[in-house]
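Structure first, then comments.
Here, each number is a calculation from the coordinates, and none is a lab measurement. Being a predicted model, the structure only gives us computed values, none of them experimental. FYI the Cβ positions are ideal-geometry reconstructions off the backbone, even for glycines, and counts take in every protein chain you see.
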Amino acid sequence: MTTVVDAPGVGPLLREWRERRRISQLELALRADSSARHISFIETGRSRPSQEMVQRLADHLDVPVRERNALLVAAGYAPAYPERPLDDPAMEGLREGLERLLTSYEPFPALVVNGTYEVLAANRGIAMLLDGVAPSLLVPPLNAMRLTMHPAGLAPRIRNYHEWRAHLLHQMERQLALMRSPALRALYDEVSAYPLPDSGRERARREGEVPFALPLVIDHAGHTLSFVSTIATFNTPMDVTVSELAVETFLPADPETARLLTALTP
């Protein structure tokens, strides 16, 4: 069901998301059980989509939860997803679950970040790795990208920094290609401009190393630790805050790292 309006703001936003996903009007219409003509009318402002149609198109365009609220507001509807801070009483169960997860992962490092990589929670494994980082970088809110790539952060101790930096920047580029986030763009511009450490410290690949994932190889307390990172997100978030949470865990990439972490972590 649609009603004719003069200039709805939702049309250009939907067109932008469709073009980001590289989907034609016809393909989107087929997915959403509509018509290419109807999609064209919505995008050009000749028709105002119903609330159900906005949600349906957002589903098929894989629009992030925060941006779905923006689409609904632009179409003249109320936001469908709340945005509660993590310290909200309604989030108590989530907080407790995340804390148990981080603690149970010790002595291996693990942390929780939001959509702009602010560190919301971390375990003692992360605290151990941050030993020696400049105090200015440890003033809340901590940011995982700054901590990793700043010259006064972890960067000088990362043996394969050039590889790891390229991986992190590519990760941010993929996010920016899929969502609109001025804050994330500003962070990317900042960290990508940090000076590079001496390339002579780049580690050589060990003979026989299994290349199933790029490791993070970092010096700590006179030892060299090697990790493989994994990132987990919530599958069906119904809250903006929850939709942008990510739990990153660092698995020892070799038995020596596992042994050292057990010995080094209090």
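Summary of computed values
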item: Order of Tyr77, Tyr117 - criterion: other Cβ atoms within 10 Å of each residue's Cβ, fewest first; result: Tyr77, Tyr117
item: Rounded Å value of the spacing that divides the Cα centres of the range 134-186 and the range 213-246; result: 12
item: Charge tally in the Cβ shell below 9 Å around Asp239, where Lys, Arg are +1 and Asp, Glu are -1, Asp239 excluded; result: 0
item: Computed lengthening from Ala36 to Arg84, 0.36 nm per intervening residue step minus Cα-Cα distance; result: 13.6 nm
item: Packing-based ranking, highest mean first, of 257-264, 213-220 given that Cβ atoms within 10 Å are counted; result: 213-220, 257-264
item: Segments 25-38, 131-144 sorted - mean Cβ within 10 Å per residue, highest first; result: 25-38, 131-144
item: Contact order normalised by residue count of the chain, Cα under 8 Å, 6+ apart, percent; result: 18
item: Packing-based exposure ordering (other Cβ within 10 Å, fewest first) of Met238, Met172; result: Met238, Met172
item: Label-zone membership for the range 48-67, site Arg185, 7 angstrom Cα→C-beta point, backbone N under 15 Å; result: none
item: Mean ellipticity per residue at 222 nm, deg cm²/dmol - from DSSP H runs of n ≥ 4 across the chain, formula -39500 (n - 2.57); result: -12500 deg cm²/dmol
item: Rounded, prolate or oblate (a/c below 1.5 giving rounded, otherwise prolate when a/b exceeds b/c) for the range 89-264 by Cα gyration tensor; result: oblate
item: Sum of side-chain charges, Pro252 neighbourhood, beta-carbon under 13 Å (Lys, Arg +1; Asp, Glu -1); result: -2
item: Per-residue Cβ neighbour rank within 10 angstrom, fewest leading, Tyr81, Tyr105, Tyr161; result: Tyr81, Tyr105, Tyr161
